[in-house]
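What follows is a single structure, written as structure tokens, with notes after it.
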Amino acid sequence: MEVGYELPPVEKKEITHTQLVRYAGASGDFNPIHTVVPFAEKVGLGGVIAHGMMIMGFIGQAIGMWFLPDQLLRFSARFKAMTRPGEKITVRGSVVGETDGTWKCQAVAVNETGEIKVSASFEVRKA
């Protein structure tokens, strides 16, 4: 692997309202903007939005597919845009730097139109 290497994209299924309710239960985040359509509409969101941490988790899942779990040294993410039910997320990643023992990488979670939902940087130990 070398700098510029594109990691294989990881495609997720379409986000569903049921998935958001299940994630709320699993995470303990019951904020109604994620699960109650009338509430989310009332506060001006135009409907429910996905938990940002769920989309960040998609990137974490992709990293676990690209590298062994014990290789991960650092992982940070920034939330960029809201994700709504009906969107399909793809995680794309690449190697952007290298030191003697590590690869520095970046990843993004994007929807079908290329809108970045979450961006991340991470560092892994070379195998």
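Descriptive notes on the structure:
- Computing Rg and the Kirkwood Rh from the Cα coordinates of the range 1-60 gives a ratio, Rg/Rh, of 1.15.
- Accessible area per residue, Å², the range 15-108 with all protein chains present, probe 1.4 Å: 55 Å²
- Its alpha carbons considered, the range 85-127 gives a radius of gyration followed by a Dmax of 12.9, 43 Å.
- With 5 Å bins from 0: P(r) over the chain, alpha-carbon pairs, percent: 2, 11, 20, 20, 17, 12, 8, 6, 3, 1, 0
- Count, lysine Cα pairs under 27 Å in the chain, 8 or more residues apart or across chains: 18
- Between the Cα long axis of helix 52-66 and the first principal axis of the chain there is an angle of about 30°, rounded to the nearest 10.
- Apolar share of the accessible surface for the range 14-110: 56 percent from carbon plus sulfur atoms, 1.4 Å probe.
The values are calculated or read from the model by the stated rules, or taken from the named source; none is laboratory data. Note that this is a predicted model, so its numbers are computed, not measured. In case anyone asks, the SASA skips ligands and DNA or RNA and just uses the protein heavy atoms, side chains included. Shrake-Rupley method; radii C 1.70, N 1.55, O 1.52, S 1.80 Å.
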